[in-house]
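Accompanying notes for the structure given below.
The values are calculated or read from the model by the stated rules, or taken from the named source; none is laboratory data. Bear in mind that the values here come from a model prediction, so they are computed numbers and not experimental data. Cβ atoms come from the backbone with ideal geometry, glycine included; neighbour counts cover every protein chain shown. In case anyone asks, the SASA skips ligands and DNA or RNA and just uses the protein heavy atoms, side chains included. Shrake-Rupley method; radii C 1.70, N 1.55, O 1.52, S 1.80 Å.
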Amino acid sequence: YGDGSYTRGELAHDQLNLGKTPVDNFIFGCGRNNNGLFGGTSGLLGLGRSSISLVSQTKAIFGGFFSYCLPSTQSGASGSLVLGGNSSVYNTSSPISYTRMIPNPKLSTFYFLNLTGISVGGVTLQDSSFGKSSMLIDSGTVITRLPPTMYKALKAEFQKQFSGFPTAPAFSILDTCFNLSAYQEVDVPTIKLQFEGNAEMKVDITGVFYFVKTDASQVCLALASLSFEDEIGIIANYQQRNQRVIYDTKGSKLGFAQESCSFS
């Protein structure tokens, strides 16, 4: 993996049952030697475009169509993964807006989108890099990474709109931090990501700030800058919270809609 994590073991096949749906001769890895930032999880589900991902192996059953809703980390919150295109099980509160997937032959197993704009509190950011390089959307990366000039514009506008609050030290890759421990209520500027084809993803309130300290004495904007302009940007899972993210690999398009993810 990109962060240096790795798994080594055997490749095997068996019948997989997804609920009542059987998948014959399903190929999977059995990790014997696992090292890195897996966080104590017992396995990984491959939703990419490689030939042995779950999506590719079940294409005849589910048509290469899947969606997920990633919850916040609040206690009791739960998310969902839907295989196939049955939209009746979604609990969306806004219309689905679609953008096309951008092909990238060098990184063919990943999903790329054309980020055409960002707005903060209704103010559209001005930066020449919008729409010029595709961004990777990933459910496994935590913090969204933007090209330096794009992030600089976002940071400046966010700090301008949030200037009434005391600042706090940076934390790891997060350099826009505040001390909100003295406040009961805070108005947080809305962040919206715009994509080719007028698709839009409104970042949920739980995906704007990363709470380094639970007493809110160090709360950081949950987006970061890449080191160089030519690196690949990533739209990560923190910003995908409480969104229904829909992958239509056959139609080569990706959709967003707001959804409160918790399933009760």
What's the center-to-center distance, using Cα atoms, between the stretch 224-249 and the stretch 54-114 in Å?
13 Å
Order D230, D248, D175 by their accessible area, 1.4 angstrom probe, all chains in place, largest first.
D230, D175, D248
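Determine, from the Cβ-Cβ distance of Q161 and S42 and an R0 of 41 Å, the FRET efficiency 1/(1 + (r/R0)^6), rounded to the nearest 0.05.
Efficiency, rounded to the nearest 0.05: 0.45.
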So the label point goes 7 Å from the Cα of K132 along Cα→C-beta, right? Which residues of the stretch 101-117 then have their backbone N under 12 Å from it?
none
So, taking all protein chains as they sit and a 1.4 Å probe, how much accessible area belongs to R100, in Å² rounded to tens?
120 Å²
Might you work out the accessible area of F165 for me, using a 1.4 Å probe with all protein chains in place, and round it to the nearest 10 Å²?
50 Å²
For the stretch 128-264, the Cα gyration tensor yields equivalent-ellipsoid semi-axes (√(5λ), largest first, whole Å) of 26, 19, 13
Plugging the Cβ-Cβ distance of I173 and S51 into 1/(1 + (r/R0)^6) at R0 = 45 Å yields, to the nearest 0.05, a FRET efficiency of 0.85
For a quick check of understanding: with a 1.4 angstrom probe and all protein chains in place, what accessible area in square angstrom does M101 have, to the nearest ten?
10 Å²
Quick one: work out Rg over Rh on the C-alpha atoms of the stretch 183-264, Rh as Kirkwood radius.
1.01
FRET efficiency for Y183 and E231, using Cβ-Cβ distance with R0 set to 25 Å, rounded to 0.05:
0.10
Simple spin-label estimate for K192 and L81 in nanometres, 7 Å along Cα-Cβ
3.2 nm
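Tell me the relative contact order for the chain as a rounded percent, counting alpha carbon contacts under 8 Å between residues six or more apart.
For the chain, the relative contact order is 23 percent.
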Using a cut-off of 14 Å between beta-carbons, work out the net charge of the residues near A182 (Lys and Arg +1, Asp and Glu -1, A182 not included).
-1
In nm, spacing of pseudo-spin labels at A60 and S94 (7 Å Cα→C-beta vector)
3.9 nm
Regarding the chain, what are the three Cα extents along the principal axes, ordered largest first, in Å?
59, 40, 38
Note to self, the chain gives a 222 nm [θ] from helices alone (DSSP H runs n ≥ 4, -39500 (n - 2.57) apiece, / all residues, nearest 500) of -2000 deg cm²/dmol
Radius of gyration, Dmax [the stretch 1-113; alpha carbons; angstrom]:
16.2, 44
